[in-house]
Every structure is written in C-alpha cells, then in structure tokens.
Amino acid sequence: QVKLVDSGGGLVQAGDSLRLSCTVSGGTFGVYAMAWFRQAPGKERELVAAISRSGGRTYYVTVVRGRFTISRDNAENTVYLQMNTLKPEDTAVYYCAAPGASTVWYVPKDEYDYWGQGTQVTVSA
C-alpha cells in the first residue's frame, strides 16, 4: 500500500549540486523514519543518509558529511536529499526507503520494506 517515488537525479560536473525528492503515498508519512541509499555498479547498496520521524535527528555516511543534507516536510509527505560539491565517486543510483513498521530512527538495511524506483546521479570529472 505504501508507495515511494523518487526523482531529481541527472548528469552534472564535479562541484555541482542536485536535490533529490521522494514523495510517499498510501501511509502515514509522519510515522516513518526515512533514508536514502545508493548503489554503484558491482557494489552493495549502502546507506547514505537518514532522518528521524520529526526531522530532528539526522545521520550521514562519513564520505558525504558536510556536503549532503537530508530534510523532510511531513505536511507534503516528502523527503529531500540536497547534494552539494558533488564528486565522481558519488555516481550511483539513489533510492529513497521507508521501513516496514513505524520507527523513530533508522533500522538495518533488510528492515526497509518500501523503496523508490531509483534515480540516477552521474558526476563527471
């Protein structure tokens, strides 16, 4: 019943910025701690950023800290990932994710039951 639609990827040059968006329908958005994952060819899908139910707590993988910002607008059922100072190593398919049960904070990867279709981010040198 819960559906996630993510968007905003594209082809940019190193140093540029992008903002990804994920809109959730079919559930009560405010009960889900949300997350962004990414997957490069031949690599495991990895957690990039997470945000608590209220938006008051965030997490970032070390390599994006200081460059990426996750935020949410519960009134619009949307979570965002602002990506600044993009690097070629950020190239991947980015996925929005929600857990299978209401949570205050993020959970292990295999407990995310709802996923966006993925949006491609490509950063050239």
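The values are calculated or read from the model by the stated rules, or taken from the named source; none is laboratory data. For clarity, every value in this text was computed on a predicted model and none was experimentally measured. Virtual Cβ from ideal backbone geometry, glycine too; neighbours counted across all protein chains shown. Side chains included, ligands, DNA and RNA excluded: accessible areas come from the protein's heavy atoms. Shrake-Rupley method; radii C 1.70, N 1.55, O 1.52, S 1.80 Å.
Below, the figures for the structure above:
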read-out	value
Net charge dipole size for the chain [Lys, Arg +1 and Asp, Glu -1 on Cβ; Debye, nearest 20]	200 debye
Restricting the range 30-125 to GluC sites (Glu not before Pro) in coil, as DSSP defines it, with at most 11 other Cβ within 10 Å	44
Accessible area expressed per residue, the range 1-103, with surrounding protein chains retained (probe 1.4 Å, Å²)	47 Å²
Accessible area of the range 62-101 belonging to carbon and sulfur atoms, whole % at 1.4 Å probe	47 percent
For the range 50-95, size of Cβ-based charge dipole, Lys and Arg +1, Asp and Glu -1, in debye	200 debye
